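The values are calculated or read from the model by the stated rules, or taken from the named source; none is laboratory data. Model, not experiment: these values are computed from the prediction. Please note: Cβ atoms are built from the backbone with ideal geometry, for glycine as well, and neighbour counts cover all protein chains shown.
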Amino acid sequence: MTEKEIANAVEETIETYEFTDDDGQEHCFVVESKFKVGNDDYVALLEVDPSIFAEEEEECSCGCEHDHAENCCDGHDHDEEDDEEDTNIILAKVVTDENGEVDIQVPSDEEFEKAKQVYENLEA
């Protein structure tokens with residue numbers, strides 16, 4: 001699912017996870033899919049620009065006042081740039097603690113390989 005498709009899915013409830021990394025940079029992920037590996041729950045998370053959820057139009061990175069869907073004043077189209085970027089999908093383990101709090105965890109190497117195999121089979 002592309003960022004544009006996500007932004008256009010106004011009527012859908014989009015499950016997101018946000019966190020700030022050790023360098024203070026904020027990241028936003030949407031749940032692309034949920035699946036089980038044995039008894040464990042996993043999610044495939046798609047990293048997105050948090051601004052796609054903003055209701056107000058944002059300014060272009062070059063400072064012009066065009067909407068990102070329009071051609072920018074310097075002649076390049078932001079949508080074309082977004083389509084060329086690699087999609088960053090992260091497979092994460094979902095753990096619910098005794099208080100019902102959901103925690104997203106990095107799986108071990110062995111868990112990751114199993115999750116990757118299940119996720120790839122979902123895509124086939």
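Some observations on this one:
- Condition check for CYS62: at pLDDT 60 or above and on the phi < 0 side of the Ramachandran plot: yes
- Between PHE53, PHE112, the distinction of being surrounded by 12 or more Cβ atoms within 10 Å (Cβ to Cβ) and at pLDDT below 90 belongs to PHE53 only.
- Selected residue [surrounded by 10 or more Cβ atoms within 10 Å (Cβ to Cβ), closer than 21 Å to GLU120 by Cα, at pLDDT 90 or above and in contact with a Lys or Arg (Cβ under 8 Å, 6 or more places away or on another chain)] from VAL37, VAL31: VAL37
- Scan of the range 21-32 for residues that are over 14 Å from the mean Cα position of the chain (by Cα) and either closer than 19 Å to ALA44 by Cα or touching a residue at least 24 places away in the same chain (Cβ under 8 Å) (or both), ordered by number: ASP21
- Residue list for the range 67-109, restricted to those being modelled with pLDDT of 50 or more and either touching a Gly at 6+ places or on another chain (Cβ under 9 Å) or among the aliphatic types (A, V, I, L, M) (or both): ILE89, ILE90, LEU91, ALA92, VAL94, VAL95, VAL102, ILE104, VAL106
- Residue count, the range 95-124 (criterion: touching a residue at least 60 places away in the same chain (Cβ under 8 Å) and under 21 Å from ASP21 (Cα atoms)): 2
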